[in-house]
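Step one of this worksheet: look at the structure below.
Please treat every number below as a calculation from the coordinates, not as lab data. Since the structure is predicted, the reported quantities are computational estimates derived from the model, not experimental observations. Every residue, glycine among them, receives a Cβ derived from its backbone with ideal geometry; neighbour counts consider all protein chains shown.
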């Protein structure tokens with residue numbers, strides 16, 4: 001099973017432009033019932049990605065073959081053509097159709113005659129509405145379900161407004177991160193209401209919710225009045241599915257109650273295995289691209305999606321690394337968009353998961369543990385990717401990373417001389433000590449005047465105890481900030497400081513000196529006001545101090561650049577800057593500049 005190595009127990013599959021994972025049942029315990037997992041959208045999908053993988057593994061180990069997949073226009077699946085331009089496209093119906101098709105594929109691929117549909121948040125609504133139309137659904141598991149589509153739209157509209165105060169009213173459509181909910185989609189979603197669901201079959205229903213709500217009470221009462229068997233439980237043990245785990249190892253979600261309900265509600269005699277039909281090789285064909293799964297590393301424990309130009313082979317490839325602990329898609333699905341735009345420009349890309357993230361297994365004995373953000377050395381994973389790509393004909397390697405991924409990309413380039421270019425967005429630190437916490441970055445990068453202002457605010461005295469509790473981290477951060485500034489000599493190139501040995505260099509300065517000697521072309525992109533900019537000034541002096549960073553470094557500060565590149569404008573601007581840098585190797589870009597608009601030559605480059 002997947003707890004040791006992927007092997008044949010977990011298989012990537014595709015259908016009609018949709019990407020998914022089929023988890024085969026353990027042993028011969030398949031009793032004709034299979035389970036389909038329906039994820040949430042946007043951050044709901046990212047936050048629960050690791051948990052969904054664990055749930056699929058545990059269901060399969062319990063004898064239920066399980067399929068998890070990405071809806072069209074989400075995750076690794078292909079985009080819906082013309083969504084932005086064609087107001088007649090109903091994305092909600094497309095998602096419902098994909099759930100229905102996934103259910104058919106699951107039955108054909110496993111021989112199952114009955115299904116259990118399990119969904120999280122809006123995925124729970126999609127699962128329930130699909131079950132309403134099918135006669136083969138014997139169980140329905142709803143996790144923190146959205147009951148009323150209009151309520152969900154209101155929620156995402158408010159979240160979208162936090163990014164852009166100028167967004168139109170809900171009825172005119174919502175652009176939220178990577179998904180555009182046009183008027184047709186908004187109308188269809190807004191009309192969805194689980195209280196009105198009438199199931200053609202007689203599925204047993206389990207609802208796991210965080211808290212009581214009037215809508216959910218009405219929904220469950222309506223189903224019970226129609227003769228449905230409804231089991232309700234709290235969300236204890238499942239909380240990690242709904243929160244972003246940036247650093248702390250909060251523990252895995254506990255699926256025991258869910259698994260117990262499935263075993264009791266769906267008896268083994270309810271379904272008999274039928275003949276299995278083979279599924280197609282996993283290949284996606286977005287416009288101008290061919291995407292195939294790639295397993296690599298020791299025991300094929302690492303996983304990625306290789307995106308290549310559809311027309312001509314290339315020796316040039318960009319390694320796209322995880323942003324934080326998110327799966328390879330990244331917030332706003334930028335990694336997927338970027339890899340496909342690279343392929344359309346004739347450059348291949350491998351977006352892959354580090355060990356213990358996304359669909360890559362952790363080290364032996366820790367296969368299912370969500371791995372650390374910055375503590376783990378990732379250069380071995382990057383080198384393993386290069387080792388796997390070299391026999392495929394790739395020779396020119398660029399590493400791209402966002403936030404923590406940018407730090408790991410830099411470290412990997414220091415460790416592996418085969419990397420000749422770096423694309424680093426909002427790199428938070430240039431050096432890291434194992435055991436430190438993420439909040440230490442903030443304490444080290446924020447200037448002392450910030451804490452002084454906090455201290456003199458009257459409201460701060462009421463929380464003095466909390467301030468004192470974290471004062472150790474603050475003081476250590478500020479001490480490191482001061483010592484770094486004192487040790488820094490921005491008037492001297494690092495390369496000469498390193499050679500002359502006249503000044504003790506920080507780890508970050510040494511890394512950049514190594515890259516400078518190797519002539520590694522590096523693009524540093526920052527949002528205006530991003531804390532990573534202060535890390536630059538601490539390590540290397542003023543932003544415009546060109547010698548300190550090295551002659552092969554291009555640094556750009558971009559206005560309205562959100563940290564995780566989840567906003568549509570940020571994604572477009574970042575892509576244009578990076579494509580221009582790759583096509584011109586940085587020669588046509590000013591080495592140090594602050595910009596407020598997209599670079600003109602980058603705009604022309606993308607349009608061509």
**Message:** Cut-off is 10 Å between beta-carbons; in what order do 317, 425 appear when sorted fewest neighbours first?
**Reply:** 317, 425
**Asked** Sorted from fewest to most neighbouring beta carbons within 10 Å, what does the list 243, 383 look like?
**Response** 243, 383
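Based on DSSP, what percent of beta bridges with both residues in segment 1-154 are antiparallel, to the nearest 5? The partial results should precede the final answer.
Numbers: 10 of 25 bridges.
Of those bridges, close to 40 percent are antiparallel.
Output the peptides 410-418, 394-402, 231-239 sorted from most to least packed, where packing is the average of other Cβ atoms within 10 Å over each peptide's residues. Numbers along the way, then the final one.
Working: 410-418: 20.1, 394-402: 23.3, 231-239: 15.0.
My ranking of the peptides, most packed first, is 394-402, 410-418, 231-239.
With an 8 Å cut-off on Cα pairs and a minimum separation of 6 or more residues, tell me the relative contact order of segment 283-425 in percent.
Details: 313 pairs, mean separation 35.3, N = 143.
Reported as a whole number, the value is 25 percent.
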**Prompt:** In whole Å, what is the distance between the alpha-carbon centres of segment 316-336 and segment 56-98?
**Reply:** 19
**Request:** Just order 366-372, 507-513 by mean Cβ neighbour count inside 10 Å, highest at the front, would you?
**Result:** 507-513, 366-372
**Relative exposure of 71, 152, judged by other C-beta atoms within 10 Å (fewest first)** = 152, 71
**Asked** In whole percent, what relative contact order does segment 60-167 give with Cα contacts below 8 Å and a gap of six or more residues?
**Response** 18
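Nearest 5 is fine: what % of DSSP beta bridges in segment 283-425 come out antiparallel, could you say? Don't skip to the end; give the middle numbers.
Numbers: 13 of 28 bridges.
Roughly 45 percent of the beta bridges in segment 283-425 run antiparallel, per DSSP.
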